[in-house]
Each structure stands twice: as C-alpha cells, then as structure tokens.
Amino acid sequence: MRYAAGIKLFILGERLRERFDIIAVAREDMARLREDTGQPVTLSALMENQAVVLEVVQGQAIVNFGTQPGTVLDLHASAHGNIALAFGPEHLMAHCLARPLKAWTPQTICSPSALQRAIAQVRARGWATAPNRVLQGVNGLAAPLFNHAGHYAGAVAIAGSIQYIPASPSPSQIRAVTHTAERISRKLGWKGR
C-alpha cells in the first residue's frame, strides 16, 4: 500500500512540475504580448478535465479583471475552455456535455450541438473568442500551446473589454496571440505542423 501511494504522489508531482515549467517558459512571452496589446494575458492548462488559470500578467488599463491563478474557467463558456475542447484530449467534449451547460450570460453557448459547431470552427481557425459568454462586456482571445510531442499543453489569451477586444478581433490581435502561442510552444519543444 505504501508503494502505491508513493507512485501516485510521484505522478502528481510530475504533473505539477510540468505546470510550473510552462509558467517559467511562458512568462517572458506573456509580458511581451501584454506590451504589444495592452491587455491582460492569461495562461491556462488542463487539470483534471478543467481549464485552470496558471498565470496572469495584468494589462495596462486603469481597471483590471479579477482573474487569478487557480481560477477554473468553464470549458463551454471561455476562450481558454474552447481551446481545450478543440485541441485537448478527445474525451473532453463528452466530459463537458455530461451535465447541463451553465448560462453565465444570454450569449453563453448552452446547446450541445451549437457548442460542437463552435469548437469545430475553433479547431479550423486555430484560435477562440468568447464575447459576452462569461461576463457581459468582456471577451477573450486564446490560442493553443503544444508540447514536444505535439500534444495540447495549454492556452495563452488576452482578455478585456469588448471595447478593446471586439467579438471579431482585429487581425493584429489574432496575430499577436497566435504568434505568442507558437513561440511558447516552440520553447516547450514543439516542432510545428
């Protein structure tokens, strides 16, 4: 019995170490993305089938959002969660749809078929937004991170007022977020597609 507990703790420790490694690798690029966009930048990863914020670099606005490391983001409602559904483990969508989808706002996608269509679009274009889906007036723009094996490792995003990150983000915002995700992924050993 002691042996089994030791192995379980070792595995848990390895998972946590991977999460801290991604923070160290991403921090400089997150700061650069904040400088380029002026918006808060968040980093997330999957932990037990949930998108969890690992790190936040606050933006340059007078008022910043209260998202902190450890915040759990709904898979169906957030840009980080939509990225996890599009690029994460195949079982994640079934896990997400196993219970009713919470309506955070009137714009939250709560229909399983609508969510599946939205995730297919995210997968095709390589980035996600979530305008007014968690909080009215707020949007996120996220892109996936990949590790050395080409597997989903997390997501990086900018988040802010719809005034600054519109429902259809500007090409420069999309480029800034996707290029940041690519730089972080390469530092994680990803070779590209």
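The values are calculated or read from the model by the stated rules, or taken from the named source; none is laboratory data. All of these numbers come straight from a predicted model, not from anything done at the bench. Methodologically, a virtual Cβ is constructed for each residue, glycine included, from the backbone with ideal geometry; neighbour enumeration extends over all protein chains shown. The protein model used for the area step is the full one, side chains on, heavy atoms only, and it has no ligands, DNA or RNA in it. Shrake-Rupley method; radii C 1.70, N 1.55, O 1.52, S 1.80 Å.
What to note about this one:
- Within the chain, helices built from complete DSSP H runs that reach 30 Å or longer along their own axis (Cα positions) and carry a mean Kyte-Doolittle hydropathy of -1.0 or higher are 2-37.
- Alpha-carbon centroid distance for the pair segment 35-90 / segment 145-169, whole angstrom: 8 Å
- Working note: Karplus 6.51/-1.76/1.60 with θ = phi - 60° gives segment 147-162 the couplings 9, 4, 8, x, 8, 4, 10, x, 8, 10, 8, 9, 9, x, 5, 4 Hz, where Gly and Pro are set to x.
- Loop sites by DSSP among the GluC sites (Glu not before Pro) of the chain, restricted to those with at most 13 other Cβ atoms within 10 angstrom, leave 91-193 as the longest stretch without any of them.
- Atom-type composition of the exposed protein surface of the chain places 57 percent of the accessible area on carbon and sulfur (1.4 angstrom probe).
- Rounded to the nearest 500, the helix-only mean residue ellipticity at 222 nm of the chain stands at -14500 deg cm²/dmol, with each DSSP H run of n ≥ 4 adding -39,500 (n - 2.57).
- Cα gyration tensor, segment 108-193 - rounded (a/c under 1.5), prolate or oblate: oblate
- For residue 138, the amide hydrogen comes within under 5 Å of the amide hydrogens of 132, 162, counting only partners 5 or more places away or on other chains and with H modelled in the peptide plane.
- Accessible area in square angstrom per residue, the chain, 1.4 angstrom probe: 53 Å²
- Over all pairs of different C-alpha atoms in the chain, the reciprocal of the mean inverse distance, the Kirkwood hydrodynamic radius, equals 16.8 Å.
- Projected label distance in nm at residue 72 and residue 91, using a 7 Å step from Cα toward the beta-carbon: 1.7 nm
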